[in-house]
Ligand SMILES: [Zn+2]
């Protein structure tokens, strides 16, 4: 049993569908995407800091409290994201909410700048 993990898999699996439902309703992935690639070109692009800093900030904007944010990050992590850009690459693509829109963005736009995956973790 892992002791460095606050949540067990069962709990994460349990809350995942609800978390995705809420994230979809609140347009979390769109908001996050907009931080990396703002529709308004005059806005500064965020860079992935290899953390969940931008996700956290978006979730705060939406109105989540810190406990809820911790739950959401845990679900994102369990679904293949280790940082903000991977939320868009891995989770948005895999989520039950994925749409042609996201596929198009992921494949046409290329990397969100960010860090090089070759750097490892
Ligand atoms: Zn990243």
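Read-outs: derived from the displayed coordinates by stated rules, not from any lab. Remember, predicted model here, so these are calculated numbers, not experimental data. All Cβ positions, even for glycine, are placed from backbone atoms using ideal geometry, and neighbour counts span all protein chains on display.
Please work out whether segment 23-99 counts as rounded, prolate or oblate from its C-alpha gyration tensor, where a ≥ b ≥ c are the square roots of the eigenvalues and a/c under 1.5 means rounded, while otherwise a/b larger than b/c means prolate and anything else oblate? Rounded. The calculated FRET efficiency for the pair residue 34 and residue 7, based on their C-beta separation and a Förster distance of 30 Å, comes to about 0.60.
Neighbouring Cβ atoms within 10 Å as the yardstick, rank 48, 37 fewest first.
On the way: 48 22, 37 15.
With the sparsest Cβ surroundings first, the list reads 37, 48.
Ranking of 60, 25 by neighbouring Cβ atoms within 10 Å, starting from the fewest: 25, 60.
In which sequence would 50, 44 go, from the one with the fewest C-beta neighbours within 10 Å to the one with the most?
Working: 50 15, 44 7.
By the 10 Å Cβ count, ascending, the order reads 44, 50.
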